[in-house]
Amino acid sequence: MAVSTKPATQKTGHARIWHTPTSKAALAWLIFAAGYTLIFYILYAILLHSTSRVFFGPFYDVIFRCGVMAYIMILGVAAYSLRTRFFHGLPWKAQNWVWAHVWVGIAAMLLALLHADFRYVLHFDCSGLDCVTHANFGMPSLYGLIFLSLGGIVGKLLDRRQTRVIAEDSASNGVGISKAIVTRQKDLELRIERFCAGKSAAFKEYCASLLPRIGTISITMPVLPPQEQHDFQLVSELLTEHARLAASLAKQTHAYMVCKIWRRIHMILVPLILLVITYHAVAELIGIMQHL
């Protein structure tokens, strides 16, 4: 009985070596943030610049220039930092909190721009120190929020890029991630040490000089006794692999440190900028309450 077989088809392109499951919360938070922002921009366009104003009173400027709601959204964005550091038992996956942090943070920045009537961005009407202290440090609060929002977007893209670098290197080095590389290197070092036992001084010096190398190494035959030349070929292969893994480890460590440094800078700036924004919000609210 004949069995028909189909020729194997060759895959085109590069197979994707990593994949992060898409969270449904990403789209949900995007729709919420976009819709919420759009509502206030429509109110701003229709009510604030219309000839017949519908709303009056001391809270009119705060509500329809979005100061209060922007600050509430900022507090919601800050809740992500509390979740990652202290309250790990809060509901939802960490990925859902990340997307809420991203989209709500962008929405808060857009509402803050509307709250400031795009002052300090599209137009300036002050000079000197007055720009900094005007409206209870309104300009530093706005610029700080813009910096955090744009910095968060850059950090998200940077994190994706460095994650891809680590994943691609882990798939190509034949060992895996950094922990597996360190384990493999220790095994190679033990095998190299066993090869060096009982060998000549030239053999040991050669191994000792090349063991810390990173990347490719050039194998130059030292002057060795004939009985050590076979072991020299074997130990040269081990040294070459050790150097290659050292380069891979350095690449992954660099990618990890880039993300780690960005996170530390971001986490240091968040409480400082949030403190300035809180001062601005509380001082403005107190000023309005005093005029009631």
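The values are calculated or read from the model by the stated rules, or taken from the named source; none is laboratory data. Being a predicted model, the structure only gives us computed values, none of them experimental. Here the Cβ is made from the backbone with ideal geometry for all residues, glycine too, and neighbour counts use every protein chain on show.
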(1) free of Cβ contacts under 8 Å to residues at least 40 places away in the same chain; (2) more than 30 Å from ALA78 (Cα to Cα): which one isn't true of HIS254, the others all being true? (2)
Identify, please: which residue in the range 113-158 is out of contact with any strand residue (DSSP E or B) (no Cβ under 9 Å at 6 or more places or on another chain), at pLDDT below 85 and surrounded by fewer than 12 Cβ atoms within 10 Å (Cβ to Cβ) and is, among those, nearest to HIS101 (Cα to Cα)? PHE118
Taking only the range 123-143 into account, find how many residues are more than 28 Å from the chain's Cα centre (by Cα) and either hydrophobic (A, V, I, L, M, F, W, C) or part of a loop (DSSP other than H, G, I, E, B) (or both). 10
Six or more apart or on different chains, Cβ atoms under 7 Å: show the pairs whose first residue is in the range 166-187 and under 12 Å from GLN252 (Cα atoms) and whose second is basic (Lys, Arg). ASP169/LYS251
Going by what's in this entry, would LEU224 be described as touching a residue at least 12 places away in the same chain (Cβ under 8 Å), surrounded by 13 or more Cβ atoms within 10 Å (Cβ to Cβ) and not in a helix (DSSP H, G or I)? yes
